[in-house]
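Report on the structure given below.
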Amino acid sequence: MSLSSAPTRPYVLLSCATSIDGYIDDASDQRLLLSNDDDLDRVDAVRASCDAILVGAGTVRRDDPRLLVRSASRRAERVACGRPASPTKVTLTAHGDLDPTARFFTAGDPARLVYCATGALEKAQERLGRLATVVDAGESVDPAWLVTDLAARGVRRLMVEGGGTVHAQFLAAGLADELHLVVAPLFVGDKRAPRFVGEGSFPWHPGRRARLAEARQIGDVVLLRYALSDRCTET
């Protein structure tokens with residue numbers, strides 16, 4: 001997939017918060033809060049602008065996110081425009097080992113899509129088929145194929161909220177149009193903790209630097225908004 005405009009896939013926006021040293025969590029059992037209230041409200045506004053929100057199965061298991069628009073006024077605005085109150089929830093899994101009681105499946109009433117590798121399809125359909133649409137994604141879940149399928153389902157704007165493996169897959173495949181990277185004023189300093197992305201071959205490197213579209217202080221955190229394709233504008 002090229003970095004240029006591609007009408008066969010949605011506009012893809014990646015969103016992540018990290019520590020100063022690039023970690024998205026620590027190694028404890030409790031989730032590390034990296035953002036603040038004002039930035040969480042900004043994220044909520046971005047969610048409200050999207051047609052779908054995607055997270056990996058590991059994020060569903062580890063963080064148990066609700067992935068809903070929190071603001072009542074933003075939900076009402078979406079409904080007034082003929083859209084569901086919250087975007088479609090999307091996840092991808094190689095093994096189908098998702099808990100049907102996770103908030104991904106139980107919170108709110110948006111549509112839910114589970115892209116599953118063929119080998120685990122029957123297992124996922126048995127566990128989740130009453131709660132979500134389980135999609136056969138082939139022998140391995142290819143993000144490029146996934147976003148093309150989402151486009152066919154009417155998704156024009158996709159927000160990817162992690163985790164690190166999923167972010168790395170989208171970045172390495174050149175599928176990201178925009179990155180919102182929030183840096184929190186703290187260090188984690190623990191190699192056991194997950195990082196934003198690990199090793200990989202990415203389209204942006206010393207010979208091809210990503211373009212910084214915006215840098216904004218939001219309380220004690222900083223938002224860095226990177227334009228990763230020509231589909232991203234500076235506004």
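Considering segment 60-163, the qualifying strands (runs of 3 or more DSSP E), each wholly inside and each with 3 or more residues that are touching a strand residue (DSSP E or B) at 6+ places or on another chain (Cβ under 7 Å) and within 20 Å of residue 174 (Cα to Cα), run over 88-93, 157-160. Residue check: residue 39 meets all listed conditions (1) open to solvent by 40 Å² or more (accessible area, probe 1.4 Å); (2) at pLDDT 95 or above; (3) acidic (Asp, Glu) but one, namely (1). Looking only at residues of segment 212-235 that are part of a loop (DSSP other than H, G, I, E, B), within 19 Å of residue 160 (Cα to Cα) and of a type in the set (Ser, Thr, Tyr), we find that the one that is least open to solvent (accessible area, probe 1.4 Å) is 229. Among the residues making up segment 2-31, those that are modelled with pLDDT under 95 and either in a helix (DSSP H, G or I) or surrounded by fewer than 17 Cβ atoms within 10 Å (Cβ to Cβ) (or both) are 2, 3, 4, 5, 7, 8, 27, 28, 29, 30, 31. Evaluating residue 48 against the criteria (1) closer than 26 Å to residue 199 by Cβ; (2) buried (at least 18 other Cβ atoms within 10 Å of the Cβ); (3) without any contact (Cβ under 8 Å) to a residue 40 or more places away in the chain leaves one unmet condition, (1).
Mind checking whether some residue in segment 69-89 is in contact (Cβ under 8 Å) with a residue 60 or more places away in the chain and under 19 Å from residue 155 (Cα atoms)? Yes, some residue in segment 69-89 is in contact (Cβ under 8 Å) with a residue 60 or more places away in the chain and under 19 Å from residue 155 (Cα atoms). Any residue that is open to solvent by less than 70 Å² (accessible area, probe 1.4 Å) and more than 24 Å from residue 62 (Cα to Cα) - is there at least one of those in segment 178-187? Yes, there is a match, as at least one residue in segment 178-187 is open to solvent by less than 70 Å² (accessible area, probe 1.4 Å) and more than 24 Å from residue 62 (Cα to Cα).
Of all residue pairs spaced 6 or more apart or on separate chains, those with beta-carbon atoms under 6 Å, a first member in segment 135-149 that is under 21 Å from residue 13 (Cβ atoms) and surrounded by 15 or more Cβ atoms within 10 Å (Cβ to Cβ) and a second member that is charged (D, E, K, R) and modelled with pLDDT under 95 are 147/9; 148/9.
As for segment 194-211, it holds at least one residue that is within 25 Å of residue 58 (Cα to Cα), assigned to a strand (DSSP E or B) and among the basic types (Lys, Arg).
Out of 164, 189, report the one residue that is of a type outside the set (A, V, I, L, M, F, W, C) and either touching a His at 6+ places or on another chain (Cβ under 8 Å) or within 22 Å of residue 43 (Cα to Cα) (or both). I'd like the intermediate steps shown before the answer.
Working: 189 fails: either touching a His at 6+ places or on another chain (Cβ under 8 Å) or within 22 Å of residue 43 (Cα to Cα) (or both).
One residue alone meets the criteria, 164.
Mind telling me which of the residues 63, 51, 109 ends up being of a type in the set (Asp, Glu) and closer than 16 Å to residue 166 by Cβ? Step through it out loud before you land on a result.
On the way: 51 fails: closer than 16 Å to residue 166 by Cβ; 109 fails: closer than 16 Å to residue 166 by Cβ.
Just a single option satisfies the conditions, and that option is 63.
Whenever a residue of segment 105-125 is in contact (Cβ under 8 Å) with a residue 60 or more places away in the chain, its partners that are open to solvent by less than 10 Å² (accessible area, probe 1.4 Å), lying with C-beta atoms within less than 6 angstrom and at least six residues away or across chains, give the pairs 113/90.
The values are calculated or read from the model by the stated rules, or taken from the named source; none is laboratory data. Computed from a prediction, not measured in an experiment: that's the story for all the values here. Every residue, glycine as well, gets a Cβ built from its backbone with ideal geometry; the counts of neighbours run over all protein chains shown. Accessible surface is based on the protein model in full, side chains and every heavy atom, while ligands, DNA and RNA are left aside. Shrake-Rupley method; radii C 1.70, N 1.55, O 1.52, S 1.80 Å.
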